[in-house]
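Working notes for the structure below.
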Amino acid sequence: MRVVRTLDELRQARAALPATVGFVPTMGYLHEGHLSLVRCAKAENASVVVSIFVNPTQFGPDEDLETYPRDLERDLRLLEAEGVDVVWTPTPEVMYPSGYQTWVTVEELTRVLEGAYRPGHFRGVTTVVSKLFLGVWPHRAYFGQKDAQQARVLLQMVRDLNFPIEVVVCPTVREPDGLAMSSRNTYLNPEERRAATVLYRALQAAQAAYDAGERDAEALRQRMREVLAQEPLARVQYVSCADPDTLQELHGPVTRALLSLAVFIGNTRLIDNVLLGYPGGVYPRYTPPGMDARLRHGLG
Ligand code: AMP
């Protein structure tokens, strides 16, 4: 496994990789959620590249950039054990040299949900993922359904900018008690960790109502609110039942829906979601037009 930092080193390492190349962007402090993406990439491609970069431009001024957990040595051991070929660990200076002033923005989809509470967040995400794509130039890229809006926004970006990259969304990996795995779970003290299970319990209650035939969007939101209200440590930021394509809030009868929520447990902000009415509960893979030569023959 090669670990590279600069663009020069990355391009050299990338040029030596057999096609196809699968790519998993991360912010490190890896857990089974990240590793599930790596395994998915490994199963579908001859080579796998992982990036580890805590991207400063996707954090708001009052967010946890400084305290975001980091453990590069451990991350590299885990990736080596998965048979990853190249790990790219750029520094902020590599990604944003002084004078940097170019941004990628997806518009409508980033105004709601996470975007409404984290202004500038998705601009940071779409910009850094574009730069990571242009550096690694993968055939396929892998993202988690855990960050549903991020997946939806990146699918849109790849389509709108004609990146010749297939996008694969993988299911949310959970702890045995249902809590979605997240690097930020490490912020929770034992009492908060127990309370944090309320997010998935709320989603499951709404999903059970949907499975039992409930189709009213407000009733599904209400079901989630009722469960969340039972947990004194939970402070709800939003509860949503949205159109999975537009991410606009639904009213009246729903067919497919993205149920999502953001909840503070103490000072830790957690998000989770379930996607109703999609096979496997994930956004479908997006293969850009004209990808045959790249994917089948590994060209370009
Ligand atoms: P992060 O390091 O948090 O930026 O996450 C890197 C990638 O891993 C993103 O595509 C996330 O959606 C994905 N991811 C994070 N947590 C999980 C999880 N519990 N299950 C599946 N994918 C995840």
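A cut-off of 5 Å between modelled amide H atoms, ignoring neighbours fewer than 5 places along the same chain, links residue 48 with 22, 85, 86. Here the Karplus relation 6.51 cos²θ - 1.76 cosθ + 1.60, evaluated at θ = phi - 60°, turns the backbone of the stretch 93-106 into coupling constants of 5, 5, 7, 10, x, 4, x, 4, 7, 10, 10, 10, 10, 9 Hz, with x for every Gly and Pro. Could you work out how far helix 198-211 tilts from the main Cα principal axis of the chain, as a 0 to 90 degree angle to the nearest 10? The angle comes out at about 70 degrees. Average accessible surface for the stretch 36-82: 50 Å² per residue, computed with a 1.4 Å probe over protein heavy atoms with every protein chain in place. Where only DSSP H runs of four or more residues are counted, the chain gives -10500 deg cm²/dmol as its mean residue ellipticity at 222 nm, each run worth -39500 (n - 2.57). With a cut-off of 15 Å between beta carbons, the residues surrounding residue 100 carry a summed charge of +1, where Lys and Arg count +1 and Asp and Glu -1. Solvent-accessible area of residue 8, all protein chains in place: 120 Å² (probe radius 1.4 Å, heavy atoms, ligands and nucleic acids excluded). Each Lys or Arg adds one and each Asp or Glu subtracts one; over the other residues with Cβ under 15 Å from the Cβ of residue 88, this totals -1. Overall, the accessible surface of the chain at a probe of 1.4 angstrom is composed of carbon and sulfur to the extent of 51 percent.
For a modelled paramagnetic label at residue 64, 7 Å from Cα along Cα-to-Cβ, the residues of the stretch 255-279 in reach, with backbone nitrogen under 18 Å, are 261-273.
For the chain, the longest principal axis of the Cα atoms and the long axis of helix 32-44 meet at an angle of about 50 degrees. Is the stretch 162-298 best put as rounded, prolate or oblate by its Cα gyration tensor, with a ≥ b ≥ c the root eigenvalues, rounded for a/c under 1.5, and otherwise prolate when a/b is larger than b/c, oblate when not? Oblate is the answer for the stretch 162-298, as a/c is 1.5 or above yet b/c matches or exceeds a/b. Maximal additional length on extending the residue 98-residue 197 stretch stands at 31.4 nm, based on 0.36 nm per residue less the C-alpha distance. With a 1.4 Å probe and all protein chains kept in place, how much accessible area does residue 103 have, in Å² rounded to the nearest 10? Rounded to the nearest 10, that gives 90 Å². Net charge of the neighbourhood of residue 45, taken over other residues with C-beta under 11 Å away and scored Lys/Arg +1, Asp/Glu -1, is -1. Treating the angle as unsigned and between 0 and 90°, give the value, to the nearest 10°, between the Cα long axis of helix 121-136 and the longest Cα principal axis of the chain. Between helix and principal axis, roughly 30 degrees.
Solvent-accessible surface (1.4 Å probe) assigned to residue 260 amounts to roughly 10 Å².
The values are calculated or read from the model by the stated rules, or taken from the named source; none is laboratory data. Just so you know, these numbers come straight off a predicted model, no measurement behind them. As a convention, Cβ positions derive from the backbone with ideal geometry for all residues, glycine included, and neighbour counts pool all protein chains shown. Accessible surface is based on the protein model in full, side chains and every heavy atom, while ligands, DNA and RNA are left aside. Shrake-Rupley method; radii C 1.70, N 1.55, O 1.52, S 1.80 Å.
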